[in-house]
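One structure is given here, and the rest of the page talks about it.
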Amino acid sequence: MSRPPALTRRASLLAAAGALASAFQARAAAPARPTPSAASHPADAWPLAAPVPGGVARLPLGPAPVRPMAFAGEVPLWVDGDANGWTAIVGIALSAPVGPAQIVVRAPDGAKRTLGYTVKPKRYVEQRLTVSPRKVDLSPEDLARHERERAHQQRVMATFSEPFASAADLPMRAPVPGPRSSSFGLRRVFNGQPRAPHSGMDIAAPVGTPVVAPMPARVIDTGDYFFNGQTVWLDHGGGLLGMLCHLSAIDVTVGDPLAAGQRLGAVGATGRVTGPHLHWGVMLNRTMVDPALFLVA
Ligand SMILES: [Zn+2]
């Protein structure tokens, strides 16, 4: 929900801007063709498989006339595909232990089977941030507010609805243009104190830049929260959710359907931030996963 200190950030912004400029020139000079990263992933391979903490496991379930149900523990999973072949798409928590893991698949007739996979190791680096002391050492009032907000967000995060998301709507589009940090999973230390790892993608953009829906969605929550600032939660179906934070403006209300690319608000600097940017979280089975797995690089 925060971004690196200004100097580091500015340096990386300049570097990213330079990279974008040269990529644009290269594209202008060459004949138009799909980007290699998009071409190498067929539509049914989104999101990209990355069976690591903070990543996504894709588990083939085989053909079946009706969509099977699958669960991680008690939590239902996004199952994509059709009668020719279904795939369970499993979000893996940043806190997940490395090693064997499993899901439960339930056929329409009630028959259950377990399906194993392996969580592979991934090392995330540490990020040190300096923010307002009030956003780290919470007053009793702020702590009570945060606890209320957390309980509310947990209800929002439990949303699991039909129609399910469709991989045919992937890859997602970036909710704002701009340099994307690769800060997902960073182990964060605020003012010298360890806190939860960074569970989304930060995209640098000026205050007021329009924020759009990354794929078709329904608005399931809007609010102004202590850490996340002005926030919109999106339901893409089947437990695939999106969270857009630190907004300066919210243009939608709960229940609104959104097409991919439709405006929902504007970039801001509300909540626990060191400057204006969009924090974008993507959630599968109540687990924040790396949004980069849903985007063309
Ligand atoms: Zn962030």
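Any read-out appearing in this document is the output of simple, stated calculations on the displayed coordinates, not a laboratory observation. Please read all numbers here as calculations on a predicted model, not as lab measurements. For neighbour counting, all protein chains shown are included, and Cβ atoms are generated from backbone atoms with ideal geometry for every residue, glycine included.
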Applying a 10 Å radius around every beta-carbon, put 55-67, 112-124 in order of their mean neighbour count, most first.
55-67, 112-124
Expected unfolding gain across N84-L138 under the 0.36 nm per residue rule, minus the alpha-carbon gap, is 14.2 nm
Signed unit charges on C-beta, dipole axis of the chain, positive-most listed residue V136, A45, P108:
V136
Computed for region 62-124: size of charge dipole around the Cα centre, +1 on C-beta of each Lys and Arg, -1 on C-beta of each Asp and Glu, debye to nearest 20, value 300
What is the diffusion coefficient of region 150-297 in µm²/s, taking the Kirkwood radius over Cα pairs and the Stokes-Einstein relation at 25 °C with a viscosity of 0.890 mPa s?
162
Can you tell me the order of 184-190, 97-103 when each peptide is scored by its average per-residue count of other Cβ atoms within 10 angstrom, highest first?
184-190, 97-103
Please report the Cα spread of region 40-161 along all three principal axes, rounded to whole Å, starting with the longest.
55, 31, 27
Taking only Cα atoms of the chain, what ratio of Rg to Rh do you get with Rh as the Kirkwood inverse-distance radius?
0.97
Using unit Cβ charges (K, R positive; D, E negative) and no other charged atoms, how large, in debye to the nearest 20, is the dipole of the chain about its Cα centre?
880
H236 neighbourhood, Cβ < 12 Å, K/R = +1, D/E = -1, net charge -3
Put a dot 7 Å past each Cα toward the Cβ at A158 and E74; how far apart are the dots in nm?
0.8
Rounded to the nearest 20 debye, what is the charge dipole size of region 110-234 about its Cα centre when +1 sits on each Lys and Arg Cβ and -1 on each Asp and Glu Cβ?
600
Normalised by the residues of region 160-297, what does the relative contact order come to in percent, with Cα pairs under 8 Å and at least six apart?
28
Taking H placed 1.01 Å from N in the peptide plane, check which residues at least 5 places from W78 or on another chain put their amide H under 5 Å from its amide H.
I89, N285
Relative contact order %, the chain, counting alpha carbon pairs below 8 Å whose residues are six or more apart:
21
Over region 138-211, what lengths in whole Å, largest first, do the semi-axes of the equivalent ellipsoid take, defined as the square roots of 5 times the eigenvalues of the alpha-carbon gyration tensor?
27, 21, 14
